[in-house]
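A short reminder: the numbers here are calculations on the coordinates, not readings from a lab. Small disclaimer: the values here were computed from a predicted structure and weren't measured. Note: ideal-geometry Cβ built from the backbone for every residue, glycine included; neighbour counts use all protein chains shown.
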Amino acid sequence: MSLGFSIQPESGFLRVIASGSFSLGEAKAGFLDVLDAVKQHRLTKVLIDARELSGDPTTMERFGYGQFVAQTVNEVIGRSMAHSPRFAYVLKAPFLHPEKLSETIAGNRGVALKIFDNIDSAMEWLDMAKANTSPLGGY
């Protein structure tokens, strides 16, 4: 199963659900679609729920993804929006790496990206109220 993305604007934030088998190339292509939606809907808060991903990314893939996200956000969004968006990723093992390499790489390059192991903490970091619910339950 290839990597797929469901991208849905909601009240005050963009919800992204990533599922399927991880590949760095598809993850990068999907992130470009996320940025297109951010620009289109002028949203500055992005929740990426990637708990349904399968695979085991290498250290170099983690580094490459974090670097790609930072470079792309700074190039694409920096020119088109007054405020850079905040990206909250919700992951589970093995994607939830103890060192959170992608978070560190992006943060060192000026991108607000944080990795969480649960939706509640991610939404709190995004300053979103629990009223933003979906038919999927929870947030």
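Fully extending the segment from residue 120 to residue 19 would add 34.4 nm, taking 0.36 nm per residue of separation and subtracting the current Cα-Cα distance. Lys-Lys pairs in the chain that are eight or more residues apart or on separate chains and whose Cα atoms lie under 21 Å of each other come to 14.
Taking each DSSP H run with n ≥ 4 as -39500 (n - 2.57) and averaging over every residue of the chain yields -10500 deg cm²/dmol at 222 nm.
Here is the list for the range 64-130: trypsin sites (Lys or Arg not before Pro) lying in DSSP coil, each with at most 14 other C-beta atoms within 10 angstrom of its C-beta, are 92, 130.
Summarised as an ellipsoid, the range 4-125 has semi-axes of 20, 16, 14 Å, derived from the eigenvalues of the Cα gyration tensor scaled by 5 and square-rooted, with the largest first. Fully extending the segment from residue 51 to residue 96, taken as 0.36 nm per residue of separation minus the present Cα-Cα distance, adds 15.3 nm.
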